[in-house]
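Report on one structure; see the data block that follows.
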Number of protein chains: 2
Amino acid sequence: MVTVIPLTGLPEVQPGDDLAALLGAAIERAGGLEDGDVLVVAQKAVSKAEGRVEQTDDVVGAVLREARAVRRRRGDLVVAETRHGFVCASAGVDRSNAPGEGWIVLLPEDPDASAARIRTALGERFGHAPAVIVSDSFGRAWRQGTTDVAIGIAGMRPLLDLRGERDARGYELHSTVIAVADELAGAGELVMGKASGVPAAIVRGYAVPPGDGSAQELVMPPERDLFP
Amino acid sequence: MVTVIPLTGLPEVQPGDDLAALLGAAIERAGGLEDGDVLVVAQKAVSKAEGRVEQTDDVVGAVLREARAVRRRRGDLVVAETRHGFVCASAGVDRSNAPGEGWIVLLPEDPDASAARIRTALGERFGHAPAVIVSDSFGRAWRQGTTDVAIGIAGMRPLLDLRGERDARGYELHSTVIAVADELAGAGELVMGKASGVPAAIVRGYAVPPGDGSAQELVMPPERDLFP
């Protein structure tokens with residue numbers, strides 16, 4: 001059984017805030033941390049704490065500056081590749097849940113490092129460190145609506161590689177690699193919402209692929225990308 | 001809080017099996033159904049019960065027959081659009097978890113109808129009907145690994161449309177439509193696994209968008225598809 005617990009009662013995060021301390025207090029209010037817990041934290045909260053916000057009236061300019069490459073444009077929609085290699089709308093630049101009118105929020109510079117800092121601080125506070133996923137809502141090719149995906153991770157690997165394992169009948173699974181970090185981010189979103197002011201969740205009871213991974217492992221390498 | 005409960009102890013599903021009855025028994029073993037529960041059931045189990053299996057030595061021929069259009073090919077990989085409009089590898093044709101060597105499993109003819117039949121049968125058994133999601137593991141553009149997504153639904157809408165709602169600061173959310181059916185399918189996958197013989201899960205504690213929706217709402221219409 002897997003349980004997804006919203007972390008509530010956090011204040012609106014401000015640049016310079018100690019997000020790990022705010023999360024730690026929220027985790028204590030929710031009953032503490034258990035071994036194997038995964039913390040999913042919204043990119044918006046991470047970006048704001050890290051000061052990745054900007055007041056501008058040139059949102060498109062900010063998008064093009066944040067983008068490593070523009071993949072498609074249609075009207076206001078810019079599908080762009082970020083400096084991290086993620087492909088998403090507006091290179092991750094967003095006006096919702098920003099600090100104020102005319103403000104935008106940018107993706108963290110290094111979301112894996114953001115996750116690692118939170119993980120280290122929570123490990124010191126609780127004596128054992130959760131896996132941490134920094135999540136963001138991305139649109140997808142071919143499917144309507146966003147789902148939350150992992151843009152930064154620490155204390156886990158993002159992919160569960162079942163190649164070589166066998167199904168119930170003994171057939172060897174040839175191409176089964178599951179993006180569990182993205183499924184965990186999506187599970188977190190179910191309790192976080194967009195308008196509810198819940199910027200983080202604990203996923204309990206899921207055995208993450210162990211190791212010291214990076215969300216970069218989720219990025220399709222250019223030579224395998226069929227939809228450049 | 002959202003809880004994801006694996007449904008265990010189901011036999012290997014055979015063509016002609018009453019899948020809803022098998023699921024109903026598993027739900028009873030897991031303690032019964034609660035109001036608002038979402039049942040996530042793996043496409044493989046649905047397809048097998050519906051006889052959507054085939055013995056063939058021409059897998060590529062079956063893929064091309066199941067496809068409405070081929071989007072990309074690279075070696076063995078065929079990214080194809082199914083008759084339902086879903087874009088995925090091999091038009092959903094798969095050899096893993098098949099009835100035997102040389103067998104393949106095809107997607108259900110009408111996965112929404114499959115979900116509706118299961119929902120109706122469980123409603124009769126338990127007196128209240130869960131929302132039902134038929135899920136499958138799809139690869140994605142730009143990201144490594146599969147995540148489970150909804151290919152059929154009943155008793156819910158697949159998209160949570162927050163357009164017009166406001167964030168904590170009062171900013172109106174302009175483009176926020178969340179594919180919660182896909183996030184629910186992914187949450188189910190976390191307890192179902194590929195090799196574990198758990199073909200279904202209950203997601204409890206999530207208030208689905210109410211209504212009588214279709215997984216077709218998740219399909220990007222051609223005029224908005226930037227990656228044809």
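The values are calculated or read from the model by the stated rules, or taken from the named source; none is laboratory data. This structure is a prediction, so every number in the text was calculated from the model and none was measured. Here the Cβ positions follow ideal geometry from the backbone for every residue, glycine too, while neighbour counts run over all protein chains shown.
Any idea how many residues of the stretch A:1-37 are farther than 24 Å from residue A:106 by Cα and of a type in the set (A, V, I, L, M)?
Selection size over the stretch A:1-37: 9.
Considering only the stretch B:110-124, I want to know if a residue exists there that is under 18 Å from residue B:200 (Cβ atoms), surrounded by fewer than 20 Cβ atoms within 10 Å (Cβ to Cβ) and β-branched (Val, Ile, Thr).
Yes - at least one qualifying residue is present in the stretch B:110-124.
Here's a check for you: in the stretch B:82-93, which residue that is surrounded by fewer than 21 Cβ atoms within 10 Å (Cβ to Cβ) and either modelled with pLDDT under 90 or within 11 Å of chain A (Cβ to nearest Cβ) (or both) is nearest to residue B:13 (Cα to Cα)?
Within the stretch B:82-93, the match that is nearest to residue B:13 (Cα to Cα) is B:89.
How many residues does the stretch A:170-195 hold that are within 8 Å of chain B (Cβ to nearest Cβ) and either under 30 Å from residue A:28 (Cα atoms) or under 16 Å from the mean Cα position of the chain (by Cα) (or both)? Write out each step before concluding.
Looking only at the stretch A:170-195, we keep the residues that are within 8 Å of chain B (Cβ to nearest Cβ), and these are A:171, A:173-180, A:182-184, A:186-187, A:189-191, A:194-195.
Cutting the leftovers down to either under 30 Å from residue A:28 (Cα atoms) or under 16 Å from the mean Cα position of the chain (by Cα) (or both) gives us A:179-180, A:182-184, A:186-187, A:189-191, A:194-195.
Total meeting the criteria: 12.
Can you run down the residue pairs with Cβ atoms below 6 Å, 6 or more apart or on separate chains, where the first is in the stretch A:144-165 and of a type in the set (Lys, Arg) and the partner is in a loop (DSSP other than H, G, I, E, B)?
Correct list of pairs: A:157/A:209; A:157/A:211; A:157/A:213.
Per-residue answers, yes or no, for (1) under 20 Å from residue A:4 (Cα atoms); (2) touching a helix residue (DSSP H, G or I) at 6+ places or on another chain (Cβ under 8 Å):
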residue: A:82; (1), (2): no, yes
residue: A:91; (1), (2): no, yes
residue: A:100; (1), (2): no, no
residue: A:104; (1), (2): no, yes
residue: A:121; (1), (2): no, yes
residue: A:191; (1), (2): yes, no
residue: A:198; (1), (2): yes, yes
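What's the number of the condition residue A:99 fails, among (1) surrounded by fewer than 20 Cβ atoms within 10 Å (Cβ to Cβ); (2) farther than 15 Å from residue A:49 by Cβ; (3) not assigned by TED's automatic domain parsing to the domain that holds residue A:181?
Status for residue A:99: all satisfied but (2).
May I ask you to verify whether residue A:178 is touching a strand residue (DSSP E or B) at 6+ places or on another chain (Cβ under 9 Å), under 21 Å from residue B:79 (Cβ atoms), in the same structural domain as residue A:44 (by TED's automatic domain parsing) and modelled with pLDDT of 95 or more?
yes
In the stretch B:169-180, what residues are crowded, with 16+ Cβ neighbours inside 10 Å and not in a loop (DSSP other than H, G, I, E, B)?
If the condition is that a residue be crowded, with 16+ Cβ neighbours inside 10 Å and not in a loop (DSSP other than H, G, I, E, B), then B:177, B:178, B:180 are the ones that fit.
Among all residue pairs at least 6 apart or on different chains, which show Cβ distances below 9 Å where the first residue, located in the stretch A:119-136, is at positive phi and part of a helix (DSSP H, G or I) and the second is surrounded by fewer than 23 Cβ atoms within 10 Å (Cβ to Cβ) and of a type in the set (Gly, Ala, Ser)?
none
Which members of the stretch A:1-30 meet the condition of being touching a residue at least 24 places away in the same chain (Cβ under 8 Å) and under 14 Å from residue A:126 (Cβ atoms)?
Residues satisfying the conditions are A:7, A:20, A:21, A:23, A:24, A:26, A:27, A:30.
Do we find that residue B:135 is buried (at least 19 other Cβ atoms within 10 Å of the Cβ), among the polar types (S, T, N, Q) and out of contact with any Pro (no Cβ under 7 Å at 6 or more places or on another chain) in this structure?
yes
I want to confirm something. Restricting to the stretch B:140-168 and keeping residues that are more than 7 Å from chain A (Cβ to nearest Cβ) and outside any strand (DSSP E or B), which single residue is farthest from residue A:80 (Cα to Cα)?
B:155
So which of B:101, B:54, B:66 ends up being more than 30 Å from residue A:30 (Cβ to Cβ) and without any contact (Cβ under 8 Å) to a residue 24 or more places away in the chain?
B:101
Among the candidates A:41, A:46, A:60, which residue alone is modelled with pLDDT under 95 and away from chain B (no Cβ under 13 Å)?
A:60 is the lone residue from the list that is modelled with pLDDT under 95 and away from chain B (no Cβ under 13 Å).
Could you say which residue among A:109, A:183 is among the acidic types (Asp, Glu) and either assigned to a loop (DSSP other than H, G, I, E, B) or out of contact with any helix residue (DSSP H, G or I) (no Cβ under 9 Å at 6 or more places or on another chain) (or both)?
A:109
Quick check on residue B:189: is it more than 24 Å from residue B:10 (Cα to Cα), assigned to a helix (DSSP H, G or I) and acidic (Asp, Glu)?
Against the criterion (more than 24 Å from residue B:10 (Cα to Cα), assigned to a helix (DSSP H, G or I) and acidic (Asp, Glu)), residue B:189 does not qualify.
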